[in-house]
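Here the structure is laid out as structure tokens; the discussion comes afterwards.
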Amino acid sequence: MDRSSIAIVGVGAMGGALLSGLLEAGWTPSDLTLIEAYEPRATELREATGCRTEGLPSDGIDGQDIVVLAVKPQDIHVALGQLAEVLTVDQLLVALVAGVPLSVYERALGEVPVIRTMPNTPALVGEGITACAPGTHAGADHMAKARTVLSAVGLVEEVEEALLDAVTAVSGSGPAYAYLLAEAMVAEGVRQGLDPETALRLAARTIKGAGTMMESSDDNPSVLRKRVASPGGTTAEALAVMNQGGFVEVVRDAVAAATERSVELGEIAAG
Ligand SMILES: NC(=O)c1ccc[n+]([C@@H]2O[C@H](COP(=O)([O-])OP(=O)(O)OC[C@H]3O[C@@H](n4cnc5c(N)ncnc54)[C@H](OP(=O)(O)O)[C@@H]3O)[C@@H](O)[C@H]2O)c1
């Protein structure tokens with residue numbers, strides 16, 4: 001495995017998940033530098049992981065192969081200002097910042113190769129999926145490096161930047177759709193007599209198991225669905241109620257609305 005040296009700028013939920021994934025995947029603390037300005041948190045990170053920490057990108061990213069940027073969108077301009085002073089064209093920036101277009105990075109960083117990504121929160125348990133879009137100066141070798149790094153927290157897909165809005169609507173926001181489905185399943189299960197903990201275990205493992213079936217089967221979800229729903233049975237009854245309630249249309253509208261909102265937010269971020 002190519003174990004590039006990596007600096008992580010922004011070690012919060014997403015940066016922290018990647019850090020844990022990288023250590024589990026075989027990166028050693030000496031491969032990783034963490035940029036964390038708040039000293040108590042830096043000390044905590046150093047003690048927990050053995051990684052080097054620095055307060056500012058100017059002190060920590062010199063000579064690193066890859067710089068992962070995982071700050072909140074509202075902090076992007078400060079972070080880019082700091083990175084612009086030190087990043088070179090021999091390094092690669094992998095940005096995990098939702099909604100910020102490649103043009104913003106390229107305006108700030110010139111010819112530094114940039115890969116924009118859209119991860120999702122199951123990355124926190126190593127079960128994420130991250131879509132990556134390469135910038136103008138990022139080639140196949142850069143994409144291969146990004147893929148190796150992001151694989152530490154789940155699957156990786158390459159898409160054109162224009163498709164990241166659709167990715168955001170499907171997999172970025174998608175965990176919330178699954179949670180809403182689970183909430184409704186659990187609520188009615190409890191009303192039908194299950195205790196809440198059992199109902200939650202049943203719903204969570206059912207959604208997880210259905211996901212695993214979709215990933216491992218050659219059949220598409222519609223075939224898998226029909227296989228569960230024997231005529232006149234309980235599943236067919238439930239699916240009929242879902243169809244009458246417009247379940248499919250509601251989900252399609254929801255994904256369309258999320259895509260549209262992602263486009264709007266991207267336009268705001270692009271200035
Ligand atoms: N979590 C998700 O569900 C999710 C999903 C998809 C994409 N993302 C993207 O991932 C990015 C990070 O999100 P998150 O949830 O991990 O946020 P988070 O927990 O707030 O982490 C961001 C971290 O960046 C630090 N930071 C801010 N400016 C910095 C700078 N100039 N140098 C070094 N560190 C800096 C923050 O420190 P302070 O707290 O001290 O400011 C914080 O520790 C976001 O852009 C988000 O769009 C997140």
Original post:
Within region 150-180, can you find the residues that are closer than 21 Å to PRO101 by Cα, in a helix (DSSP H, G or I) and of a type in the set (Val, Ile, Thr)?
Top reply: VAL167, THR168, VAL170
Original post:
Do the conditions hold for LEU92, that is, is it surrounded by fewer than 22 Cβ atoms within 10 Å (Cβ to Cβ) and not hydroxyl-bearing (Ser, Thr, Tyr)?
Top reply: no
**OP:** Might you check whether a residue that is out of contact with any Asp or Glu (no Cβ under 7 Å at 6 or more places or on another chain), part of a helix (DSSP H, G or I) and not assigned by TED's automatic domain parsing to the domain that holds GLU260 occurs anywhere in region 132-140?
**Re:** yes
Original post:
Condition test on SER222, is it outside any helix (DSSP H, G or I) and among the hydroxyl-bearing types (Ser, Thr, Tyr)?
Top reply: no
**OP:** Could you please find all residues in region 1-46 being assigned to a loop (DSSP other than H, G, I, E, B), in contact (Cβ under 8 Å) with a residue 40 or more places away in the chain and not hydrophobic (A, V, I, L, M, F, W, C)?
**Re:** ASP2, SER4, SER5, GLY10, GLY12
**OP:** Would you check if there is a residue in region 38-46 being surrounded by 17 or more Cβ atoms within 10 Å (Cβ to Cβ) and away from the ligand (no atom under 14 Å from the Cβ)?
**Re:** no
Subject >> The lone exception for GLY126 - which of (1) modelled with pLDDT under 95; (2) within 25 Å of VAL251 (Cβ to Cβ) it fails >> reply: (2)
Original post:
Quick one: in region 97-121, which of the residues that are in contact with a strand residue (DSSP E or B) (Cβ under 6 Å, 6 or more places away or on another chain) and not β-branched (Val, Ile, Thr) is farthest from the ligand (Cβ to nearest atom)?
Top reply: PRO113
Original post:
When the residues of region 21-37 are filtered to those that are within 19 Å of LYS72 (Cα to Cα) and modelled with pLDDT under 95, which remaining residue is surrounded by the fewest Cβ atoms within 10 Å (Cβ to Cβ)?
Top reply: ALA37
Original post:
Within region 147-206, can you find the residues that are more than 27 Å from ALA70 (Cα to Cα) and of a type in the set (Gly, Ala, Ser)?
Top reply: ALA182, ALA184, ALA187, GLY189, GLY193, ALA199, ALA203, ALA204
Original post:
Which condition does GLY55 not pass, out of (1) of a type in the set (Gly, Ala, Ser); (2) surrounded by 15 or more Cβ atoms within 10 Å (Cβ to Cβ); (3) closer than 27 Å to ARG107 by Cβ, if it passes all the others?
Top reply: (2)
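Would you check if there is a residue in region 208-225 being among the acidic types (Asp, Glu) and either in contact (Cβ under 8 Å) with a residue 24 or more places away in the chain or on the phi > 0 side of the Ramachandran plot (or both)?
Of all residues in region 208-225, those among the acidic types (Asp, Glu) come to 215, 218-219.
Now narrow it down to the ones that are either in contact (Cβ under 8 Å) with a residue 24 or more places away in the chain or on the phi > 0 side of the Ramachandran plot (or both): none.
Among the residues of region 208-225, not one is among the acidic types (Asp, Glu) and either in contact (Cβ under 8 Å) with a residue 24 or more places away in the chain or on the phi > 0 side of the Ramachandran plot (or both), which makes the answer no.
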Original post:
What number of residues within region 142-168 are surrounded by fewer than 22 Cβ atoms within 10 Å (Cβ to Cβ), within 15 Å of the ligand (Cβ to nearest atom) and of a type outside the set (A, V, I, L, M)?
Top reply: 3
Subject >> Selection status of GLY139, among the small types (Gly, Ala, Ser), surrounded by fewer than 17 Cβ atoms within 10 Å (Cβ to Cβ) and touching a His at 6+ places or on another chain (Cβ under 9 Å) >> reply: no
Original post:
Considering region 49-95 alone, what residues qualify as being assigned to a loop (DSSP other than H, G, I, E, B), of a type outside the set (D, E, K, R), within 18 Å of the chain's Cα centre (by Cα) and farther than 22 Å from ARG3 by Cβ?
Top reply: VAL71
Subject >> Selection within region 70-89 - surrounded by 13 or more Cβ atoms within 10 Å (Cβ to Cβ), near the ligand (Cβ under 8 Å from one of its atoms), farther than 13 Å from GLU36 by Cβ and of a type in the set (A, V, I, L, M) >> reply: ILE76
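The values are calculated or read from the model by the stated rules, or taken from the named source; none is laboratory data. What you see is a predicted model, and the numbers here were worked out from it, not measured in a lab. FYI the Cβ positions are ideal-geometry reconstructions off the backbone, even for glycines, and counts take in every protein chain you see.
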